[in-house]
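Asker: Let me begin by handing over the structure; questions about it come next.
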Amino acid sequence: MLNEKDYILIEEARKAIKANYDEEHYNHTVGAAVCSKNGKIYTGVNIFSLHGACAEQIAIGNAVTNGEREFEAIVAVRGKEGEEIIPPCGNCRQILHDYMPECCVIIPDGKELRKIKAKDLLPFAYSFE
(Lines give C-alpha, C1' and ligand atoms only; values in the text may rest on other atoms or scores of the structure.)
Protein backbone atom coordinates (compact mmCIF):
# COMPACT_ATOMS: atom_id res chain seq x y z
CA MET A 1 0.00 0.00 0.00
CA LEU A 2 1.35 3.40 -0.96
CA ASN A 3 1.68 6.21 1.54
CA GLU A 4 1.99 10.00 1.27
CA LYS A 5 5.78 9.82 0.85
CA ASP A 6 5.32 7.44 -2.09
CA TYR A 7 2.99 9.87 -3.86
CA ILE A 8 5.49 12.68 -3.27
CA LEU A 9 8.17 10.48 -4.86
CA ILE A 10 5.95 9.83 -7.88
CA GLU A 11 5.34 13.56 -8.27
CA GLU A 12 9.08 14.27 -8.18
CA ALA A 13 9.65 11.73 -10.97
CA ARG A 14 6.88 13.41 -12.96
CA LYS A 15 8.47 16.82 -12.45
CA ALA A 16 11.79 15.48 -13.75
CA ILE A 17 10.33 14.22 -17.03
CA LYS A 18 7.95 17.16 -17.51
CA ALA A 19 10.94 19.51 -17.35
CA ASN A 20 13.05 17.41 -19.72
CA TYR A 21 10.74 15.52 -22.08
CA ASP A 22 12.20 15.44 -25.58
CA GLU A 23 9.23 15.29 -27.95
CA GLU A 24 11.37 15.83 -31.05
CA HIS A 25 14.01 13.09 -30.66
CA TYR A 26 12.59 11.06 -27.76
CA ASN A 27 16.01 11.07 -26.08
CA HIS A 28 14.44 11.75 -22.67
CA THR A 29 11.10 10.04 -22.19
CA VAL A 30 11.38 8.47 -18.73
CA GLY A 31 11.83 10.15 -15.37
CA ALA A 32 12.74 8.50 -12.08
CA ALA A 33 13.00 9.46 -8.44
CA VAL A 34 14.72 7.64 -5.59
CA CYS A 35 14.27 8.40 -1.91
CA SER A 36 17.17 7.83 0.45
CA LYS A 37 16.65 6.55 3.99
CA ASN A 38 17.10 10.12 5.27
CA GLY A 39 14.15 11.27 3.14
CA LYS A 40 16.09 13.18 0.49
CA ILE A 41 14.86 12.64 -3.07
CA TYR A 42 17.08 12.45 -6.15
CA THR A 43 15.81 12.44 -9.72
CA GLY A 44 17.02 11.52 -13.17
CA VAL A 45 15.87 11.15 -16.77
CA ASN A 46 16.92 8.52 -19.26
CA ILE A 47 19.75 9.16 -21.70
CA PHE A 48 18.87 7.48 -24.98
CA SER A 49 21.67 6.27 -27.25
CA LEU A 50 23.26 3.01 -28.33
CA HIS A 51 24.53 2.50 -24.78
CA GLY A 52 22.22 4.89 -22.98
CA ALA A 53 21.25 4.87 -19.34
CA CYS A 54 17.82 4.42 -17.83
CA ALA A 55 16.26 7.10 -15.65
CA GLU A 56 16.55 4.84 -12.59
CA GLN A 57 20.29 4.51 -13.17
CA ILE A 58 20.71 8.27 -13.50
CA ALA A 59 18.69 8.90 -10.31
CA ILE A 60 20.70 6.29 -8.39
CA GLY A 61 23.95 7.76 -9.72
CA ASN A 62 22.81 11.22 -8.65
CA ALA A 63 22.08 9.94 -5.14
CA VAL A 64 25.34 8.00 -4.85
CA THR A 65 27.31 11.00 -6.14
CA ASN A 66 25.79 12.97 -3.28
CA GLY A 67 26.90 10.41 -0.70
CA GLU A 68 23.75 8.33 -0.32
CA ARG A 69 24.09 4.60 0.22
CA GLU A 70 20.79 3.56 1.80
CA PHE A 71 17.50 3.81 -0.07
CA GLU A 72 13.84 3.57 0.83
CA ALA A 73 11.91 3.69 -2.47
CA ILE A 74 12.25 4.28 -6.22
CA VAL A 75 9.79 4.90 -9.06
CA ALA A 76 9.95 5.50 -12.82
CA VAL A 77 7.39 7.27 -14.99
CA ARG A 78 7.00 7.55 -18.74
CA GLY A 79 5.27 10.05 -21.00
CA LYS A 80 5.26 13.77 -21.54
CA GLU A 81 3.43 14.33 -18.25
CA GLY A 82 4.85 11.29 -16.49
CA GLU A 83 1.39 9.80 -16.65
CA GLU A 84 2.46 6.14 -16.78
CA ILE A 85 4.28 4.45 -13.92
CA ILE A 86 6.50 1.71 -15.33
CA PRO A 87 8.38 -1.24 -13.85
CA PRO A 88 12.16 -1.34 -14.18
CA CYS A 89 13.74 -3.09 -17.17
CA GLY A 90 15.89 -6.20 -16.67
CA ASN A 91 19.15 -4.27 -16.47
CA CYS A 92 17.70 -1.89 -13.88
CA ARG A 93 16.39 -4.83 -11.89
CA GLN A 94 19.92 -6.18 -11.64
CA ILE A 95 21.28 -2.77 -10.61
CA LEU A 96 18.54 -2.40 -8.00
CA HIS A 97 19.34 -5.88 -6.72
CA ASP A 98 23.05 -4.97 -6.47
CA TYR A 99 22.69 -1.49 -4.93
CA MET A 100 19.50 -1.64 -2.92
CA PRO A 101 17.92 -5.08 -2.59
CA GLU A 102 15.71 -3.99 0.33
CA CYS A 103 14.50 -0.80 -1.38
CA CYS A 104 10.82 -0.70 -2.31
CA VAL A 105 10.02 -0.28 -6.00
CA ILE A 106 6.69 1.29 -6.92
CA ILE A 107 5.18 -0.65 -9.82
CA PRO A 108 1.83 -0.96 -11.58
CA ASP A 109 -0.18 -4.05 -10.72
CA GLY A 110 -3.22 -4.06 -12.94
CA LYS A 111 -5.06 -0.81 -12.25
CA GLU A 112 -3.40 -0.28 -8.87
CA LEU A 113 0.08 0.60 -7.70
CA ARG A 114 2.04 -1.44 -5.22
CA LYS A 115 5.48 -1.64 -3.67
CA ILE A 116 7.76 -4.63 -3.96
CA LYS A 117 11.30 -5.14 -2.66
CA ALA A 118 13.90 -4.76 -5.39
CA LYS A 119 15.33 -8.20 -4.61
CA ASP A 120 11.94 -9.74 -5.37
CA LEU A 121 11.80 -8.27 -8.88
CA LEU A 122 14.60 -10.48 -10.12
CA PRO A 123 14.38 -14.10 -9.00
CA PHE A 124 17.64 -16.02 -9.33
CA ALA A 125 19.60 -12.80 -9.79
CA TYR A 126 23.32 -12.92 -10.40
CA SER A 127 25.12 -12.16 -7.16
CA PHE A 128 28.73 -11.27 -6.37
CA GLU A 129 28.53 -13.26 -3.13
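The values are calculated or read from the model by the stated rules, or taken from the named source; none is laboratory data. Note that this is a predicted model, so its numbers are computed, not measured. Here Cβ is always computed from backbone atoms with ideal geometry, including for glycine, and neighbour counts include all displayed protein chains. The accessibility values were calculated without ligands, DNA or RNA, using every heavy atom of the protein model including side chains. Shrake-Rupley method; radii C 1.70, N 1.55, O 1.52, S 1.80 Å.
Asker: With r defined as the distance between the Cβ atoms of residue 125 and residue 5 and R0 fixed at 22 Å, what FRET efficiency is calculated, to the nearest 0.05?
Answerer: Plugging the Cβ-Cβ distance into 1/(1 + (r/R0)^6) gives 0.25.
Asker: Then there's this: Could you work out the equivalent-ellipsoid semi-axes for segment 32-79, taking the square root of 5 times each eigenvalue of the Cα gyration tensor, largest first, in whole Å?
Answerer: 20, 12, 6
Asker: Now for a different question. How big is the chain along each principal axis, measuring the range of its Cα positions in Å and listing the largest first?
Answerer: 43, 35, 32
Asker: Which ³J(HN,Hα) values, rounded to whole Hz and listed in residue order, are derived for segment 31-38 from phi using the Karplus coefficients 6.51, -1.76 and 1.60 in 6.51 cos²θ - 1.76 cosθ + 1.60 with θ = phi - 60°, glycine and proline given as x?
Answerer: x, 9, 9, 10, 10, 7, 4, 7
Asker: First check a/c for segment 80-129, with a ≥ b ≥ c the square roots of the eigenvalues of its C-alpha gyration tensor; if it is under 1.5, answer rounded, and if not, answer prolate when a/b is larger than b/c or oblate otherwise. The partial results should precede the final answer.
Answerer: Working: a/c = 2.54, a/b = 1.97, b/c = 1.29.
The shape class here is prolate.
Asker: Kindly report the accessible area of segment 42-97 per residue (heavy atoms of protein chains, probe 1.4 Å, no ligands, DNA or RNA), in Å².
Answerer: I get 48 Å² per residue for this part.
Asker: Taking 8 Å as the Cα distance limit and 6 or more residues as the minimum spacing, I'd like the relative contact order of segment 38-129 as a percentage.
Answerer: Answer for segment 38-129 is 20 percent.
Asker: Per residue of the chain, what 222 nm ellipticity follows from adding -39500 (n - 2.57) for every DSSP H run with n ≥ 4, rounded to the nearest 500?
Answerer: -9500 deg cm²/dmol
Asker: Enumerate the calculated ³J(HN,Hα) couplings along segment 121-129 in order (Karplus 6.51 cos²θ - 1.76 cosθ + 1.60, θ = phi - 60°), each rounded to whole Hz, writing x wherever the residue is Gly or Pro.
Answerer: 7, 9, x, 6, 4, 5, 10, 7, 6
Asker: Also, quick follow-up: Exposed loop chymotrypsin sites (Phe, Trp or Tyr not before Pro) only (DSSP loop, at most 15 other Cβ atoms within 10 Å): please give the longest stretch of the chain free of them, not including the sites.
Answerer: It runs 49-123.
Asker: I need the phi-derived Karplus couplings for segment 43-53: 6.51 cos²θ - 1.76 cosθ + 1.60, θ = phi - 60°, integer Hz, Gly and Pro marked x.
Answerer: 10, x, 10, 5, 10, 8, 5, 3, 10, x, 10
Asker: Now, a different point. So how exposed is residue 77, as accessible area in Å² (1.4 Å probe, rounded to 10)?
Answerer: Roll a 1.4 Å probe over it and residue 77 shows about 0 Å².
Asker: Per residue, how big is the convex hull of segment 1-42 when only Cα atoms are used? Give it in Å³.
Answerer: Dividing the Cα hull volume of segment 1-42 by its residues yields 69 Å³.
Asker: Keeping the other protein chains in place, figure out the carbon and sulfur percent of the accessible area of segment 71-129, with a 1.4 Å probe.
Answerer: 52
Asker: Report the number of Lys pairs in the chain whose alpha-carbons are under 25 Å apart, with separation of 8 or more residues or on distinct chains.
Answerer: 29
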